[in-house]
1. Which one of 62, 30, 54, 58 is more than 14 Å from the ligand (Cβ to nearest atom) and either closer than 28 Å to residue 159 by Cβ or within 16 Å of the chain's Cα centre (by Cα) (or both)?
2. Does residue 171 meet the test of being assigned to a loop (DSSP other than H, G, I, E, B), farther than 22 Å from residue 33 by Cβ and touching a residue at least 60 places away in the same chain (Cβ under 8 Å)?
3. Give just the number: which of (1) modelled with pLDDT under 95; (2) within 11 Å of the ligand (Cβ to nearest atom) does residue 97 not satisfy?
4. For the range 221-237, what are the residues that are over 14 Å from residue 29 (Cα atoms) and in contact with a helix residue (DSSP H, G or I) (Cβ under 8 Å, 6 or more places away or on another chain)?
5. Return the residues of the range 116-153 that are more than 14 Å from the ligand (Cβ to nearest atom), over 20 Å from residue 11 (Cβ atoms) and assigned to a helix (DSSP H, G or I); say none if nothing qualifies.
6. Could you count how many residues in the range 152-163 are in contact with a strand residue (DSSP E or B) (Cβ under 8 Å, 6 or more places away or on another chain) and either at positive phi or surrounded by fewer than 19 Cβ atoms within 10 Å (Cβ to Cβ) (or both)?
7. Does residue 161 satisfy the condition of being under 17 Å from the mean Cα position of the chain (by Cα) and either part of a helix (DSSP H, G or I) or farther than 27 Å from residue 31 by Cβ (or both)?
8. Of the conditions (1) near the ligand (Cβ under 7 Å from one of its atoms); (2) farther than 21 Å from residue 74 by Cα, residue 13 fails just one. Which one is it?
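The values are calculated or read from the model by the stated rules, or taken from the named source; none is laboratory data. Keep in mind it's a predicted model, so treat the numbers as computed, not measured. FYI the Cβ positions are ideal-geometry reconstructions off the backbone, even for glycines, and counts take in every protein chain you see.
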Ligand SMILES: NC(=O)c1ccc[n+]([C@@H]2O[C@H](COP(=O)([O-])OP(=O)(O)OC[C@H]3O[C@@H](n4cnc5c(N)ncnc54)[C@H](O)[C@@H]3O)[C@@H](O)[C@H]2O)c1
């Protein structure tokens, strides 16, 4: 039997990259998936890719930083399939590549809206449904940059570190329920987000990696799929590294 038969997932930022790979992986094992995406072009394409692989998919177009997007995702998913078992808070942006003193408060707010406010909003609106079911798996996508810092990307690193603190707090709050909340910290993975970094930045990170290579989307998706499964029962508020051994803790 497939691991996610009968399960219903919401994946944010699933138009491309890691989010799409995660949606495809969950779908390939039987999950029905609501794709939440700000970009209508990639959103439509993702829906087509999921449907082509035989995955039932719903689509919510919107910015995860707007509370209405989470409300619509929850309402439409419950209307369509009656439950929400898995939430993957994947949508994220890297922000301006510049030293902190050349960044602005407006830029910090912009990165925060997607990377942390979006995670908070989706969790707060999905958890009541999961509590009713007394079952749920939430996976927040943080970054190795949260643990190590990332020069020229202080708003990104800081908001991703916030995702870890948030994950640990809500996991503790839910520990005596059937809901588990964990996060992953990918290193460098080959997606479009890398186009926002300079080749020098990418090279520097690859050089630091013990494996000497970037990660692949499927490698992160495999970890997320386990965290989204019933088998992940005694891990909660934990940070799962997918960085080729780059982060040392
Ligand atoms: N690729 C990496 O090297 C890497 C490393 C560590 C962490 N991450 C994290 O993984 C997640 C996915 O990154 P990716 O590499 O697939 O990036 P990506 O840019 O390829 O994909 C991100 C997706 O999220 C969508 N999105 C962005 N802002 C949104 C918003 N406000 N509302 C809804 N959708 C939004 C984008 O349109 C895009 O489809 C991000 O949170 C990122 O920070 C990526």
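1. Details: 62 fails: more than 14 Å from the ligand (Cβ to nearest atom); 30 fails: either closer than 28 Å to residue 159 by Cβ or within 16 Å of the chain's Cα centre (by Cα) (or both); 54 fails: either closer than 28 Å to residue 159 by Cβ or within 16 Å of the chain's Cα centre (by Cα) (or both).
The match here is 58.
2. no
3. Answer for residue 97: the failing condition is (2).
4. Matches in the range 221-237: 232, 235, 236, 237.
5. Filtering the range 116-153 down to residues more than 14 Å from the ligand (Cβ to nearest atom) leaves 123-138, 151-152.
Those still in the list that are over 20 Å from residue 11 (Cβ atoms) too: 131-132, 134, 151-152.
Those that are more than 14 Å from the ligand (Cβ to nearest atom), over 20 Å from residue 11 (Cβ atoms) and assigned to a helix (DSSP H, G or I): 131, 132.
6. Counting residues in the range 152-163 that are in contact with a strand residue (DSSP E or B) (Cβ under 8 Å, 6 or more places away or on another chain) and either at positive phi or surrounded by fewer than 19 Cβ atoms within 10 Å (Cβ to Cβ) (or both) gives 0.
7. Working: under 17 Å from the mean Cα position of the chain (by Cα): yes; either part of a helix (DSSP H, G or I) or farther than 27 Å from residue 31 by Cβ (or both): yes.
Here the answer is yes, as residue 161 does meet what is asked.
8. That leaves (2) as the condition not met.
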